[in-house]
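Participant: Got a structure here, written out as C-alpha cells. Questions coming.
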Amino acid sequence: MMITIANYQNTLVPMTLEEKTTYPLTATTYIMELESKQLNNETIFFLTGDTTLNVERYNYFPINLTPYDLPEGTYNYKVYQTTGGTLTLSGLTTNDVVESGLATLYGSGTTTPTTYVATGQTEYVFE
C-alpha cells in the first residue's frame, strides 16, 4: 500500500489493520515504523486516535509528524500490533506486522505548505 503524509499538519491515513490483527482489539496498540529510503534512519511512534466508523473494513488514523520534522522523501513503513504500552520494537517479530508499504512524506514542520500544480509539461509552484 502507498500512503502520503504531510509533515506539517494532521493527515488522516486509511489502513487495513483490523483484518490482520490477532490480539484482542480492546488490548491492541499499534506502532508505526518509518524508515527513510534515502537516509537509512528510522522513526517509530504510536498510532492513536482511530477515527473509524467501520473498523471491519478500514481504520483511519490521524498522523502528525511535526514533532519529528522528518525530511521530505520516500519511506518504507510497517505497522506492528502489540499489547504493550512501551514505544519499542524490541520483542516484536515479522508476525506482528499488520501492514507495510511505501509512504511519501512532504513538507517540513518549520515551513509553510507549498502547492504544486502540474499542467501538461509545465509545472507551477505557488508559495
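The values are calculated or read from the model by the stated rules, or taken from the named source; none is laboratory data. Note that the coordinates shown come from a computational prediction; the quantities given were computed from them, not determined experimentally. Every residue, glycine among them, receives a Cβ derived from its backbone with ideal geometry; neighbour counts consider all protein chains shown.
Participant: Quick check on this structure: which one of Thr51, Thr114 is loosely packed, with under 15 Cβ neighbours inside 10 Å, within 18 Å of Ile3 (Cα to Cα) and modelled with pLDDT under 85?
Facilitator: From the options Thr51, Thr114, the qualifying one is Thr51.
Participant: Looking at Thr21, Thr52, Thr88, which is the one that is among the hydroxyl-bearing types (Ser, Thr, Tyr), free of Cβ contacts under 8 Å to residues at least 24 places away in the same chain and touching a strand residue (DSSP E or B) at 6+ places or on another chain (Cβ under 9 Å)?
Facilitator: Checking each option against the conditions leaves just Thr52.
Participant: Please verify whether Thr104 is at pLDDT below 85 and either under 12 Å from the mean Cα position of the chain (by Cα) or part of a loop (DSSP other than H, G, I, E, B) (or both), treating the condition exactly as stated.
Facilitator: no
Participant: Of everything in the range 58-75, what is under 19 Å from Met2 (Cβ atoms), touching a residue at least 40 places away in the same chain (Cβ under 8 Å) and exposed (fewer than 15 other Cβ atoms within 10 Å of the Cβ)? Give them in sequence order.
Facilitator: The initial filter retains those residues of the range 58-75 that are under 19 Å from Met2 (Cβ atoms), namely 58-63, 65, 70-75.
Next, from what is left, pick out any that are touching a residue at least 40 places away in the same chain (Cβ under 8 Å): 58-63, 65, 70, 72, 75.
Result: Tyr58, Pro62, Glu72.
Participant: Also: State all residues of the range 85-99 that are surrounded by 14 or more Cβ atoms within 10 Å (Cβ to Cβ) and either assigned to a strand (DSSP E or B) or at positive phi (or both); if no residue qualifies, say none.
Facilitator: Residues satisfying the conditions are Val97, Val98, Glu99.
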